[in-house]
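Have a look at the structure below, then the notes.
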Amino acid sequence: MQPLIQANGQPRLGVFDVPPAQVNYRDYDLRSPMGRRLGALARWRRFHQFQYFGLISDQLIGGCALANLSLLGVGFVYLFQPATGRLLERRFKLPLGLGCEFSQNPQQGVCQLRWRGNLLRLENRAAGAEKHLRVELDDGTQIDASFSEAQPPFQPMCIATPIANNGWAYAQKVAGVTCSGQVRSALGNFDLQALQAFAHHDWTAGFLRPQTCWNWACLSGAVGGRRLGLNLSCGVNETSFSENCLWLDGRLYPVSGVHFQFDRRQPLQPWQIRSQDGQVELRFEPAGMHHERVNALIVASDFRQLFGRFHGVLRPAGETVVPLQGQWGFVEDQYVKW
C-alpha cells in the first residue's frame, strides 16, 4: 500500500484493489484555480473528511457520522425502530473541531468526538480489516458494533477522483457485511447478531468543491440466502471514475451512472433510482428521516438521510436477477458549503 499523494504532490487516481496507506493531504500541491501555489492554511481550510457507520435490520436501524469541516466538527447518531416508528437522535456541532480527532488512514486509526460525557468513536483496524463503532451518550444510550472485511472475504470500493481543476476526493465504501455487537437505548436492548443485522461504512476525504451537493443510496442485507450490498451516488465521484457498485457475497460489481428522481420539497414521497446500464431499477419508499441543517454563513449544510424500503430489481452482470421486495436501506440528499 502506498500513500495517496505521490512525490510530485499529485494524488493517485482511479479504482484501487487495496486502500492507500495514508490520505496524506498535507503533501498535496494545492493550487488556486489560476495556478497560484497555496500554503498550509489553505490546505487546512479546504480539506474535509467524514466517516459513517450504518446498521440495518428489520427490528432496528441506526447511523452514526463524524465530519471534519475545518471550521466545524460535526457528529450525529440516531436509532430508528420500524415496528413503533420511534426515532432517537443526537447532534453535535463543535467550533473548529475542538474535542474531535480524525485519522487520515482509512485502514488503521480513530475518528472520534467527545463532548460533555458523550462519545462518538469510529475505529478502523488493519488487523482483520475491522471497523468498530462505539457510542456512549449521557442519556444512557450505548452502541458497540463491529464487522470484518476479512471473514468472510469482502472487496471494498476504493476510489480517488479529480474534482474541479484543483481538487480530488478519496472514498472507501462497504455494504453487505454482517454485523455484531450490542445496542442499549430507550428503544430497548438489542443483540445485533441475534437480529441478523448488516452494516455499511463510508470513509471519504479530500478537497471537494466549495459548494457541492449529492444523492446517495445504500442497502445491506440478505436476499435469497446471499449477502447483498448496494452503493450508488450522484454528485461527487463521477469525474473519470465512478463509485457506483453492488456486492453479492462480498464480490464487487461496478454499476454505471445513476439518476435519482424525487421531490426535494417532499422527500418522504417515493424515490425512483435507475442506472444507465439497466443494472439498477428501484423504487424507494421512505419510513423516516434524519435531518441536519447548519447555516453558519461560511459553513452551511442541508442534509437529509432517509431510511425505508427498496422495491425493484438488480441485474448484476453475469448473475441472475436479484428481486427486492421491501429491503431496508437508505437514501440521502445533501447540499454543503464549506
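The values are calculated or read from the model by the stated rules, or taken from the named source; none is laboratory data. For clarity, every value in this text was computed on a predicted model and none was experimentally measured. Virtual Cβ from ideal backbone geometry, glycine too; neighbours counted across all protein chains shown. We work out accessible area using only protein heavy atoms, side chains counted, and drop any ligands, DNA or RNA first. Shrake-Rupley method; radii C 1.70, N 1.55, O 1.52, S 1.80 Å.
As a summary of the residue check, GLY85 satisfies the conditions (1) open to solvent by 20 Å² or more (accessible area, probe 1.4 Å); (2) under 16 Å from CYS64 (Cα atoms); (3) more than 20 Å from the chain's Cα centre (by Cα); (4) touching a residue at least 60 places away in the same chain (Cβ under 8 Å) except for the one numbered (2). Any residue at all in the range 150-158 that's assigned to a loop (DSSP other than H, G, I, E, B), open to solvent by 30 Å² or more (accessible area, probe 1.4 Å) and over 15 Å from ALA175 (Cα atoms)? No. Of everything in the range 230-255 that is open to solvent by 30 Å² or more (accessible area, probe 1.4 Å) and either touching a Ser or Thr at 6+ places or on another chain (Cβ under 9 Å) or among the β-branched types (Val, Ile, Thr) (or both), the residue that is modelled with the highest pLDDT is PRO254.
Table: residues versus (1) of a type in the set (A, V, I, L, M, F, W, C); (2) farther than 26 Å from PRO210 by Cβ.
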site	(1), (2)
ILE5	yes, no
ARG12	no, no
GLN22	no, no
PRO33	no, no
ARG36	no, no
HIS48	no, no
SER57	no, yes
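With respect to the conditions (1) modelled with pLDDT of 95 or more; (2) touching a Gly at 6+ places or on another chain (Cβ under 7 Å), ALA150 lacks only one, and its number is (1).
For the range 211-229, name all the residues that are part of a strand (DSSP E or B), farther than 19 Å from ASP333 by Cα and open to solvent by 10 Å² or more (accessible area, probe 1.4 Å). Residues satisfying the conditions are ALA222, VAL223, ARG226, ARG227.
Can you find even one residue in the range 308-324 that is buried (at least 16 other Cβ atoms within 10 Å of the Cβ) and within 30 Å of LEU72 (Cβ to Cβ)? Yes - at least one qualifying residue is present in the range 308-324.
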